[in-house]
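Some notes on the structure that comes next.
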Amino acid sequence: MTEGRRRLLVAAGVLVALVLFVAAAAASELSAGPVTVDIRIHHSRYIPSHLSVPVGRPVRFVFHNEDPIEHEWIVGDATVHDGHRTGTEAHHGGRSTEVSIPALGSVTTVVTFPAGAALTYVCHLPGHEAYGMVGTLDIR
């Protein structure tokens, strides 16, 4: 075997090993548990008010309501929010994208977003949205 051919085989082996390492790391990242996002509610505001989360991976949202009043977190597109502005549900808990957070309490929900989108999260309790209790969620 010539020296040039030997170097070529070594380089090819290193390249294959590198590709396998990157693929294993990517698979490990995708199969990892949920991404955890903490959202504080303080003075009727979401903190943070802008988030980015991954497509197709479970996201555990943990809400910490520091206010002495109840709030809600509803995430969706304009159609979802138009439906909630009429106040048809007094309490949320049956859908992972719609939760009620008790005064001075904490709530956790897990959502997996199947596709990229730009959504908003809003508290639709009377006056809260107008006060600014709105956030944006980029799913990438």
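What the table below lists for this structure:
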item: Test: residue in segment 61-80 that is in contact with an Asp or Glu (Cβ under 9 Å, 6 or more places away or on another chain) and part of a helix (DSSP H, G or I); result: yes
item: Among residues of segment 83-128, those that are in a strand (DSSP E or B) and either out of contact with any strand residue (DSSP E or B) (no Cβ under 7 Å at 6 or more places or on another chain) or aliphatic (A, V, I, L, M) (or both), counted; result: 10
item: Of all residues making up segment 70-91, the number that are surrounded by 13 or more Cβ atoms within 10 Å (Cβ to Cβ) and aliphatic (A, V, I, L, M); result: 3
item: Filtered residues of segment 118-140 (kept if on the phi > 0 side of the Ramachandran plot and surrounded by 13 or more Cβ atoms within 10 Å (Cβ to Cβ)); result: Gly132
item: Some residue of segment 16-32 being farther than 20 Å from Leu125 by Cβ, touching a strand residue (DSSP E or B) at 6+ places or on another chain (Cβ under 6 Å), modelled with pLDDT under 95 and outside any helix (DSSP H, G or I); result: no
item: Matching residues, segment 45-56, being surrounded by fewer than 16 Cβ atoms within 10 Å (Cβ to Cβ) and part of a loop (DSSP other than H, G, I, E, B); result: Pro48, Ser49, Pro54, Val55, Gly56
item: Hey, Ile139 more than 19 Å from His42 (Cβ to Cβ), of a type in the set (A, V, I, L, M) and at pLDDT 95 or above or not; result: yes
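The values are calculated or read from the model by the stated rules, or taken from the named source; none is laboratory data. In this text, all values refer to a predicted model and were calculated from it rather than measured experimentally. Neighbour counts run over all protein chains shown; Cβ positions are idealised from the backbone, glycine included.
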